[in-house]
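Below is one structure, written out as structure tokens, with a few remarks after it.
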There are 2 protein chains.
Amino acid sequence: MGKSMDFSLYLVTDRGLIRDRALVSLVLEAVRGGVSAVQLREKSCPAGEFVQLAGNLKDRLAESNVPLIINDRVEVALAAGADGVHIGQEDIPYHQVRSMLGPNRIIGLSVNTYAQLMEADRTDVDYLSLSPVYSTKTKKDTKEPFGLEGLRKARSMTQKPLITIGGVNKQNLASIMATGMDGVALVSAICAADSPEDAARELADIIRNIKREQNHAVMQHQ
Amino acid sequence: MGKSMDFSLYLVTDRGLIRDRALVSLVLEAVRGGVSAVQLREKSCPAGEFVQLAGNLKDRLAESNVPLIINDRVEVALAAGADGVHIGQEDIPYHQVRSMLGPNRIIGLSVNTYAQLMEADRTDVDYLSLSPVYSTKTKKDTKEPFGLEGLRKARSMTQKPLITIGGVNKQNLASIMATGMDGVALVSAICAADSPEDAARELADIIRNIKREQNHAVMQHQ
């Protein structure tokens, strides 16, 4: 897998939203639709079950080359052979996670303020997730949203891959991507969709079109 | 610390029981009273806070030579420099925990049945915790209690250090220790006590007396 990850359409799982459907097959449907990275987030699952679920998903994702990132639980990522870990500001400090995971696994970090962004920019963390863009009901905590202007400002502050999460949907996706994000992370727009595959495909198409236009504009400048 | 751990009076923490008291100072009081090992158990604390709490407790326990064991969270134990990890049957499988922790850290495993005990006996897990002895309200799950006869039977099945948890108190402590346990693990009898130090001292005295009598009996046989 290496670290050349495609951040375009980054799915974050939430079993609370998937209704009476199996998580692994739902994720695989979403990958068929165009999801390019998957973060498995489980807040209350026993560690043994989490490892099994992650290992199973990792096996099933193998042929798609889509990386599996584990939310928070470093030891679950190690035990399941996942590609990386995503941590938040309240999780284990980045440098400790890096020393446990080694140099080759991906580490992503959520940042909620510009100060956190600047601090993270000085580390070798692999990507940053700005959250939230907008207010959302998925996460209980209420942090000041970045907004589109905030995303542009953040983009100017770091060369690291940037994604953003929190209130992204197909209506606002184009304007979010236009701020220079490498991708967007979504929870409910895919997990709660009647067809996760169709939902992912529609979102992936929008992202592909935007990226094509951006590349075109860059080429015209050259 | 090495692996020569004194299992006599093994405190398992529960912040839900300590009322309006600070956890670290409560544990240190209990250690002054005679607690010989501490397991930090946190089921819903963010990982970063858990690491801080564990690191702080580890520092404060350093001079007492009392080992700090972390419940379940291998990465928290690694990040905080704790002495080991205690896992249950629903946590990450033992051999994976061992490969993450290396040979020198302590790993304890909860066993709820004789089959689990026999399986664990074939591994190099450092100690086993039989649970429960009696029915208890601390843990929500309801497993068949071992009872005193069950503890004696378990004792005959393994040479590994054995402790037991679940309904132990000062009234039944002597008869539990008489079955050949290396120690007992307690939650509420210490965490909920008005004076954790006095509670620990009273329990430690009972254990010391029993062990003295047992040694005496052994010497008379020789």
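Laboratory data are not the source of any read-out in this text; all were calculated from the coordinates shown. Because the structure is predicted, anything quoted here is derived from the model rather than measured. Quick reminder, even Gly has a Cβ in these numbers, built from the backbone with ideal geometry, and neighbours come from all protein chains shown.
Points to keep in mind about this one:
- FRET efficiency for the A:Ala115 to B:His95 pair, using the beta carbon distance and R₀ = 45 Å, is estimated at 0.60.
- In this simple spin-label model, placing a label point 7 Å from the Cα along the Cα-to-Cβ direction at both B:Asn65 and B:Lys211 gives a separation of 1.2 nm.
- Segment A:1-70 shape via C-alpha gyration tensor axes, a/c threshold 1.5: prolate
- When each of A:Lys170/B:Lys43; B:Lys58/B:Lys153; B:Lys58/B:Lys211; B:Lys43/B:Lys170 is checked by Cα-Cα distance, pairs over 31 Å: A:Lys170/B:Lys43; B:Lys58/B:Lys153
- More than 22 Å apart - percent of Cα-Cα pairs taken over segment B:9-221: 49 percent
- Ellipticity estimate at 222 nm from DSSP helix runs (n ≥ 4, -39,500 (n - 2.57)) divided over chain A, nearest 500: -13000 deg cm²/dmol
- Karplus 3J(HN,Hα) series, Hz, for segment B:19-24 with 6.51 cos²θ - 1.76 cosθ + 1.60 (x for Gly, Pro): 6, 8, 10, 7, 5, 4
- Reported value for segment A:76-157: 104 Å³ per residue, from the convex hull of its C-alpha atoms.
- Residue order for A:Arg122, B:Arg155, A:Arg73, fewest other beta carbons within 10 angstrom first, comes to A:Arg122, B:Arg155, A:Arg73.
- Sequence of B:Phe7, B:Phe146 once ranked by neighbouring C-beta atoms within 10 Å, starting from the fewest: B:Phe7, B:Phe146
- In Hz, Karplus ³J(HN,Hα) per residue of segment B:111-116 (6.51, -1.76, 1.60; θ = phi - 60°; x = Gly, Pro): 10, 10, 9, 5, 5, 5
- Cα pair count fraction exceeding 20 Å, expressed as % - segment A:108-222: 44 percent
- Whole-angstrom Cα spans of the protein assembly as shown along principal axes, big to small: 96, 40, 34
- The HN-Hα couplings worked out from phi for segment B:47-57 by the Karplus form 6.51 cos²θ - 1.76 cosθ + 1.60 (θ = phi - 60°) are 4, x, 5, 4, 5, 4, 4, 5, x, 5, 5 Hz, whole numbers, x standing for Gly and Pro.
- When the Cα gyration tensor is reduced to axis lengths a ≥ b ≥ c, the ratio a/c stays below 1.5 for segment B:1-118, which is therefore classed as rounded.
- Cα→Cβ-extended label distance, 7 Å offset, between B:Ser25 and B:Ser44, nm: 2.5 nm
- Estimated dipole of segment B:9-221 in Debye, rounded to 20 [Cβ of Lys and Arg +1, of Asp and Glu -1, Cα centre]: 300 debye
- Dipole size of the protein assembly as shown about its Cα centre, with +1 on Lys/Arg Cβ and -1 on Asp/Glu Cβ: approximately 80 debye, rounded to the nearest 20.
- Look at the dipole of segment A:9-221 built from charges on Cβ: of A:Ala204, A:Ile176, A:Ala192, the Cα furthest out on the positive end belongs to A:Ile176.
- Centroid-to-centroid, using Cα positions, segment A:56-77 and segment B:170-201 are 43 Å apart.
- On full extension, the segment bounded by B:Ala178 and B:His221 gains 13.8 nm, given 0.36 nm per residue less the C-alpha separation.
- Per-pair calculated FRET efficiency, R0 = 22 Å: A:Arg155 and A:Ser135 via Cβ, rounded to 0.05: 0.60
- Across chain A, the mean sequence separation of Cα contacts (distance under 8 Å, 6 or more residues apart), normalised by length, yields a relative contact order of 23 percent.
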